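Everything below concerns the one structure shown next.
Every number here is computed from the coordinates shown, using simple stated rules; none is lab data. Everything numeric here is computed off the predicted structure, so don't read it as measured data. In this analysis, Cβ positions are derived from the backbone assuming ideal geometry, glycine residues included, and neighbour counts consider all displayed protein chains.
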Amino acid sequence: MTDDREQTRLARARFRAWRRGFREADLVLGPFVDSVGPSLTVPTPDEHETPVMGKIRDFMRDHVAAAVAEGAG
C-alpha cells in the first residue's frame with residue numbers, strides 16, 4: 001500500500017474514531033487512533049487471526065460497502 005493510501009486510511013480512521021456519535025466512545029477511540037494508529041500495520045497479527053476476527057472483518061467490509069453505497073463516506 002502506498003504512503004498516500006495509508007495516510008488517507010489513517011485520516012479516515014481518525015475522523016471516524018473521533019465522531020462515533022456518543023462522547024464516551026469519542027474519548028476512547030479518538031485518542032487511541034491518534035496515538036496508536038500510525039503504528040498499526042494492515043495485516044492482523046497471527047495471534048489475533050481467529051474465526052471471530054474474520055467475522056468482524058467480513059462484517060465491517062460489508063457494512064462499509066453498504067454505507068458507501070448509501071452515500072456515506
Practice problem: Per DSSP H run of at least 4 residues, take -39500 (n - 2.57); add these up for the chain, divide by its residues and hand me the 222 nm value, nearest 500 deg cm²/dmol. | Solution: -22500 deg cm²/dmol
Exercise. Taking Cα Rg over 2.2 N^0.38 Å as the quantity of interest, determine which of (1) 1.01; (2) 1.20; (3) 1.32 was computed from the displayed structure.
Key: (2)
Self-check item: Per DSSP, loop trypsin sites (Lys or Arg not before Pro) in the chain with at most 14 further Cβ within 10 Å
Solution: R19, R20
Quiz item: Are there GluC sites (Glu not before Pro) in the chain that DSSP puts in a loop and that have at most 13 other Cβ atoms within 10 Å, and which ones?
Solution: E49, E70
